[in-house]
Ligand code: COA
């Protein structure tokens, strides 16, 4: 067992709990926490701490932690902010393993320094901190409710990790109202130390936990979260809601790749890469959690929709496409199942329309036939209230079906109509039947189930191909160190080209000429046409300065270009120190792509891919992934852009060399990972040729850390 897991066990399954700042005043937060601990039936030792001593809720109150006779593995601090650090020190002296700091007044109000000091001290003493600024933790395994939220929590299989305290506390009430049992709920607050990744390590191995729901506002140490999520989602579903989808953060980003990333694009792509299932709203995630913690897994992809209305059938089919629910298409078998049970004017094609004339007996016949057929793996049952339907018999029939088949095949229901239908939906939901008014809600839970099944069946990433690709890390670091020593935070074009060559990325032949004669000689030996670009650390935007000349066909054009570039650049910035002019092989045209790699402020090293030109500039058609990527993940990155068919070849064009693009993505990613001084790399464009002819990078921009 890892040290982290051992300490997380002290959070979820403590042997003893000290409550520092326990008050006998029922109006105080600490009193509520103690009374919740008592009400939850916690069996371990409870030690309230208050210098006043005495007794609270029947427990002896100790003046200090030191006075407690036995060991304490878990402490909850509920004293005002200015007293917290001293209490943390006392906890460390008592060898407490985990401390929850309920108190507010730290980094959330700008008091970052003290928060950092507290965590540093705790870590130096092998102690972990949850919070500060939290409402506490509930764990069904202990059981213990050390929150100051509602006392009445239903135990079950859903674990909730929430960064918002108020929303978390409200979710306790909401889950109770919706009949959703919790295995745990943890308020993470400022995430000064313990974060989602630490908690996921515990929840992954907790038998009580069937589904994990995370409400996230911001990600810190995202690279750890990525690694942990990839493991957890192979074992159980993780559902994520993220607030703060704004693109504001992107505006401040230094590079093109950064500005394309957006705040949400990267998060969304990385969650998908990790197998986490992203929900739009808290309500949607709770629907998914409830369903996933109670249903059996489908044995295969064949979903059948049974409906008495064509309209809602079509809506459901649309929703199936949106939520990736695979629909069963074997018309012969469908006909065999349903033809003798529905009128001739119904439809045995999926969605199966049992017609508006169907009553509950008709539904039951069709539903049983669907569930009893071994080729059908899951069923979505829809209904509109018609005059023909015997609403009084409907709830009983649906409940029977649910109980008879819920352990073997997943199902979800949606019924739409008046008061009686509303009542039926509410009553059945209270009994745990997955039933909704809204067709999309009914389909989306099935979508979450199939995403989870897909994640669990996906083999673990294979890095053999990636490991077989070698780059010259020594040379790359040498180049970067030289630029750093020169006091720059960016590489000049010829330095970037040299670095990319060291990474095995195909770059055009190029050399810096310091005189006109040298330029002519270089161009002649390289072969025409050539490109010429100014080399100056004072001119970053070479084209804006008139420092680039393309497609130079002969000696005379090279001479003219030399003079024009020198003239333009001196005019653009008279003080610029011009090192020379780079003469490069002119790259043949092909399909332009763009590859970016950067240190994302949340997730650490990430990679981006897109098609060049308008696809990236106007359409922002790019995809992201966290590094390192496996071969399969790099392929997913390429396939995720909308313009991917252009790489496959459209309108008679040949397929492009996708393998060469994929290899370049992996090489660029490896560069970022091998040198922590690099913050941004942008290969733009990488020209992809026809399959077998490779890809060539025309230009690369590399930025370095500022420190
Ligand atoms: N050791 C033990 N007990 C101590 C102590 C110490 N070093 N210093 C003070 N105490 C006692 C106090 O005497 C008091 O007990 P009493 O009622 O018997 O006098 C008790 O601890 C609590 O201290 P008090 O000063 O009354 O604070 P409070 O209860 O009003 O507020 C917090 C304390 C932590 C709740 C408050 O500072 C806070 O941060 N509130 C916001 C919490 C929050 O919203 N968190 C985020 C949720 S999402």
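Quick notes
- Along principal axes, Cα extents of the range 660-703, largest first, whole Å: 35, 17, 7
- Taken as Cα centroids, the range 33-48 and the range 102-125 sit 26 Å apart, rounded to the nearest whole angstrom.
- Rg/Rh ratio calculated on Cα atoms of the chain (Kirkwood radius): 1.07
- Computed from the C-alpha gyration tensor, the three semi-axes of the ellipsoid equivalent to the range 55-125 are 23, 15, 9 Å, from longest to shortest.
- Cα centroid separation, the range 596-624 to the range 344-417 (Å): 46 Å
- From largest to smallest, the equivalent ellipsoid semi-axes obtained for the range 151-194 from the alpha-carbon gyration tensor read 20, 11, 7 Å.
- Rounded to two decimals, the Cα-based Rg/Rh of the range 77-173, with Kirkwood Rh, is 0.99.
- Counting only DSSP beta bridges with both residues in the chain, the antiparallel share comes to about 50 percent.
- Whole-percent pair-distance distribution, where bins are 5 Å wide, for the alpha carbons of the range 459-500: 5, 20, 22, 16, 10, 10, 10, 6, 2, 0
- Beta bridges by DSSP in the range 1-132, antiparallel share as percent, to the nearest 5: 10 percent
- Compared with the dominant Cα axis of the chain, that is its longest principal axis, helix 555-572 is turned about 60°.
- Of all DSSP beta bridges in the range 371-511, antiparallel share, percent nearest 5: 0 percent
- Calculated FRET value between residue 403 and residue 174, using beta carbons and R₀ = 30 Å, to 0.05: 0.70
- Cα-based Rg / Dmax (Å) for the range 362-428: 12.0, 36
- Whether the range 564-707 is rounded, prolate or oblate, judged on the alpha carbon gyration tensor where a/c under 1.5 counts as rounded: oblate
- Along each principal axis, taking the top coordinate minus the bottom one, the Cα set of the range 447-518 gives 67, 27, 25 Å in descending order.
- The chain - mean residue ellipticity at 222 nm from DSSP helices (-39,500 (n - 2.57) per run, n ≥ 4, rounded to 500): -12000 deg cm²/dmol
- Computed from Cα atoms, the angle from the helix 196-205 axis to the main principal axis of the chain rounds to 50 degrees.
- Reduced Cα scattering model of the range 601-664, Debye log10 I(q)/I(0), q = 0.16, 0.19, 0.24 Å⁻¹: -0.55, -0.75, -1.09
- Here is the size of the range 297-418 from its Cα atoms: Rg then Dmax, 13.1, 36 Å.
- Crossing angle, helix 112-124 versus the chain [Cα axis fit, 0-90 degrees, rounded to tens]: 80 degrees
- Solution diffusion estimate, µm²/s, Stokes-Einstein, the range 417-457, Kirkwood Rh from C-alpha pairs, 25 °C, viscosity 0.890 mPa s: 214 µm²/s
- Pairs of Cα atoms farther than 16 Å apart, the range 480-596, %: 61 percent
- Given in Å, the Rg to one decimal and the Dmax to the nearest whole number for the Cα atoms of the range 513-571 are 10.9, 31.
- Equivalent ellipsoid semi-axes - Cα gyration tensor, the range 341-479, angstrom: 46, 17, 14
- Overall Cα dimensions of the range 1-102, principal axis frame, Å, largest first: 40, 31, 24
- Percent of Cα-Cα distances greater than 19 Å, calculated over the range 561-615: 62 percent
Quick note: the coordinates plus some simple rules give every number you see, no bench work behind them. None of the values given here were measured: they were computed from a predicted structure. We place every Cβ from the backbone using ideal geometry, glycine too, and count neighbours over all the protein chains shown.
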